[in-house]
Amino acid sequence: MLAVRYAIYFSPAKDHPLTERASRWLGRNAFSGTLYNDHADYAGMTEEPRRYGFHATLKAPFELAEKYSEAELVAALTEFTSEKQVFDIPRIVIDALGPFFALVPDRIYQPLQDFAAEIVDHFDRFRAPLSETDIARRRPQMLTESQRQNLSLWGYPHVMDDFRFHMTLTGRIDEAEQPAVRYMLSAQFSEFVDKPLTLSGLALFIEEERGAPFTVHSWHPFAEPPKKDAIP
């Protein structure tokens, strides 16, 4: 039996300009499966994030608990997003998180932190317990105490107070090359950085078997905020 995994990620909608730009940069569109060679010279740099597709992790990949079906997970996500309103991250930038680059908020925004924590908690009932192999893969000996507790409680170390919203654009970049890569990425994503990023929905991603590319199973929009009355 294939070890199918699901993940709840933020992704802009399929037709959003950022989805198109990032997909072409990474070399694959997670919605359509379309492969691109626009940036073939940087294919080595984008190999790792290409498999996952353009996204920000909110509920990290998990196998489904035996008592739940895929349909029940989809229904729960549909219900959850229908009760949330579209909101903005006020400003996103290109930054290095250790050895890799990502689109990230320019600072910590507590409403975003709280929202991410709510997703981790709300959908944890659908997650099957981690195997010993999965735990070892996370190298718990290299994690902080809070990250080890997160791994034990939530199946992923980088949640709750250890969460930082990021949309990965590269794999590991040598320190000496980072200034040039930062400059190049800032140019590639110039129309999106130093501006708000609207969170308008969540995507359910699926990995059909371990090591396969993650693809978008379904995208679930948030409710639009109520329109303000026009000024007479």
For the range 157-179, indicate whether the set of residues that are without any contact (Cβ under 8 Å) to a residue 24 or more places away in the chain, over 14 Å from TYR9 (Cβ atoms) and of a type in the set (A, V, I, L, M, F, W, C) is non-empty. yes
Taking the residues in the range 95-117 that are in a strand (DSSP E or B) and under 14 Å from the mean Cα position of the chain (by Cα) as candidates, determine which candidate is farthest from THR81 (Cα to Cα). PHE101
Flag if LEU204 is modelled with pLDDT of 95 or more, surrounded by 11 or more Cβ atoms within 10 Å (Cβ to Cβ), at negative phi and out of contact with any Asp or Glu (no Cβ under 8 Å at 6 or more places or on another chain): yes
Being farther than 28 Å from LEU18 by Cβ and surrounded by 15 or more Cβ atoms within 10 Å (Cβ to Cβ) is true for just one of ARG139, ARG148. Which residue is that? ARG148
Which residue, of ASP41, ASP15, is within 21 Å of GLU191 (Cβ to Cβ), exposed (fewer than 14 other Cβ atoms within 10 Å of the Cβ) and more than 16 Å from the chain's Cα centre (by Cα)? ASP15
Going through ALA116, ALA128, ALA136 one at a time, which residue ends up being within 23 Å of SER200 (Cβ to Cβ) and of a type in the set (Gly, Ala, Ser)? ALA116
Can you find, within the range 213-232, the residue that is nearest to the chain's Cα centre (by Cα) among those that are touching a residue at least 12 places away in the same chain (Cβ under 8 Å) and in a loop (DSSP other than H, G, I, E, B)? PHE214
Would you mind telling me which numbered condition in (1) within 30 Å of ALA180 (Cα to Cα); (2) surrounded by 13 or more Cβ atoms within 10 Å (Cβ to Cβ); (3) at pLDDT below 95 LEU130 fails? (1)
Among the residues that make up the range 33-41, is at least one of them within 29 Å of ALA117 (Cβ to Cβ) and either without any contact (Cβ under 8 Å) to a residue 24 or more places away in the chain or not polar (S, T, N, Q) (or both)? no
Which residues, counting only those in the range 161-192, are surrounded by 15 or more Cβ atoms within 10 Å (Cβ to Cβ), hydroxyl-bearing (Ser, Thr, Tyr) and in a loop (DSSP other than H, G, I, E, B)? THR170
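The values are calculated or read from the model by the stated rules, or taken from the named source; none is laboratory data. Since the model is a prediction, treat every value here as computed from it, not as a measurement. Virtual Cβ from ideal backbone geometry, glycine too; neighbours counted across all protein chains shown.
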